[in-house]
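Q: My questions all concern the structure below.
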Amino acid sequence: MEAVLRDVTAADLAAVLTINEAQVPKVARIPIERVQWFTQHAHTFRVAVLDEQIVGFLIALTPEAAYDSIHFGWFRKQYDRFLYVDRIALAAAAQQRGIGRRLYGDLAAVARREGHERITAEVNIDPPNDASLAFHRTLGFTEVGTQDASGGKRVVLLAQPIQ
């Protein structure tokens, strides 16, 4: 059975938080207030549903968003037309099933349709998230910078051109 992709609903937020928390430190912790903020301000907040369970999600913003992430700010200074993936996370049982690739493909279709020039994201390199970095590279993301983050973390900044 293939996962269904759809927009997030308020009823999905507990599952989103559970998936996110299970993936820390690959992704940063996020309070419920920020998740709720994303439901109102994100350009894209999609969930993947498999067997009636939320198994993953992707959150993306446009440069116009009033968002205080230092990584988002870096991309906003570099590029005009982009979609910034704040986070993508999958439940462990949903990994290696093509769901992350489908979430990104869904976002790329939107980016193409709306005239965005690229999709951007960051991946932890300290602590390392080698699987995510390899995954992003298979999608055509390339390194465009590095940046220190809070708590002694370091990230690689990535961009994928939209064709």
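The values are calculated or read from the model by the stated rules, or taken from the named source; none is laboratory data. Just so it is clear, the structure is predicted and the values come from calculations on it, not from any experiment. Cβ coordinates were reconstructed from backbone atoms using ideal geometry, including for glycine residues, and neighbour counts include every protein chain displayed. For the accessible areas, the whole protein counts, side chains as well, though only heavy atoms, and no ligand, DNA or RNA atoms are used. Shrake-Rupley method; radii C 1.70, N 1.55, O 1.52, S 1.80 Å.
Q: Top to bottom by accessible area (1.4 Å), largest first, where do Thr62, Thr146, Thr138 land?
A: Thr138, Thr146, Thr62
Q: I'd like the antiparallel share, as a percent to the nearest 5, of DSSP beta bridges with both residues in segment 1-138.
A: Of those bridges, close to 85 percent are antiparallel.
Q: In addition: Please identify every one of the GluC sites (Glu not before Pro) in segment 1-108 that sits in a loop by DSSP and has no more than 12 other beta carbons within 10 Å of its own beta carbon.
A: In loop regions of segment 1-108 (DSSP not H, G, I, E or B), the sparsely surrounded GluC sites (Glu not before Pro) are Glu2, Glu52, Glu64.
Q: Along the charge dipole of the chain, pointing to its positive end and built from +1/-1 on Cβ of Lys, Arg, Asp and Glu, which listed residue (Val27, Ala3, Phe82) has its Cα farthest out?
A: Highest projection toward the positive end goes to Phe82.
Q: On average, how much accessible surface per residue is there in segment 1-157, in Å², for a 1.4 Å probe, leaving out ligands, DNA and RNA?
A: Per residue, segment 1-157 has 51 Å² of solvent-accessible surface.
Q: Can you give the FRET efficiency for Val49 and Asp148, using 1/(1 + (r/R0)^6), R0 = 35 Å, r = Cβ-Cβ distance, to the nearest 0.05?
A: 0.45
Q: Next up: Report relative contact order for segment 1-146 in percent, whole number only (criteria: Cα-Cα under 8 Å, sequence separation at least 6).
A: 23
Q: Only four residue types carry charge here, +1 at the Cβ of Lys and Arg and -1 at the Cβ of Asp and Glu. Report the dipole size of the chain about the Cα centre in Debye, rounded to the nearest 20.
A: 280
Q: Could you tell me which of rounded, prolate or oblate describes the chain, using a ≥ b ≥ c as the square roots of the eigenvalues of the alpha-carbon gyration tensor, with rounded for a/c under 1.5 and, failing that, prolate when a/b is larger than b/c and oblate otherwise?
A: Here the chain falls in the rounded category.
Q: Which residues' amide hydrogens lie under 5 Å from the amide hydrogen of Val55, considering only partners 5 or more residues apart or on another chain, with H built in the peptide plane?
A: Ala48, Val49, Leu50
Q: Accessible area of segment 1-67 with a 1.4 Å probe: how many percent of it is carbon plus sulfur?
A: 52
Q: If you don't mind, another one. Apply the a/c threshold of 1.5 to the C-alpha gyration tensor of segment 118-160 and tell me whether it is rounded, prolate or oblate.
A: Judged from the Cα gyration tensor, segment 118-160 comes out oblate (a/c at least 1.5, b/c at or above a/b).
Q: Taking the chain as a Gaussian network, Cα atoms linked when under 10 Å apart, which of Leu58, Leu139, Leu13 shows the biggest mean-square fluctuation?
A: Result: Leu139 has the largest fluctuation of those listed.
Q: Continuing with the same structure: What shape does segment 4-65 have by the C-alpha gyration tensor, where a ≥ b ≥ c are the square roots of the eigenvalues, rounded means a/c under 1.5, and otherwise prolate means a/b greater than b/c and oblate the rest?
A: In terms of gyration-tensor shape, oblate.
Q: Rounded to the nearest 500, what is the 222 nm mean residue ellipticity of the chain from helices alone, with -39500 (n - 2.57) per DSSP H run of 4+ residues and division by all residues?
A: That calculation yields -10000 deg cm²/dmol at 222 nm.
Q: Of the candidates Thr44, Thr18, Thr120, which one comes out as most mobile in a Gaussian network treatment of the chain with C-alpha springs shorter than 10 Å?
A: Sorting by GNM fluctuation, first place goes to Thr18.
Q: Another question, if that's okay. Where is the GNM fluctuation largest for the chain (alpha-carbon springs, 10 angstrom cutoff): Pro31, Pro128, Pro63?
A: Top of the fluctuation ranking is Pro31.
Q: Could you give each residue of segment 99-107 its phi-based ³J(HN,Hα) in whole Hz, using Karplus coefficients 6.51, -1.76, 1.60 with θ = phi - 60°, and x for Gly or Pro?
A: 6, x, 4, 5, 4, 5, x, 4, 5
Q: Rounded to the nearest 10 Å², what accessible area does Ser69 show when all protein chains are kept and the probe is 1.4 Å?
A: 20
Q: Please list the non-local residues whose amide H lies under 5 Å from the amide H of Arg81, H modeled 1.01 Å from N, same-chain partners needing a gap of 5 or more.
A: Sorted by chain and number, the residues that satisfy this are Glu117.
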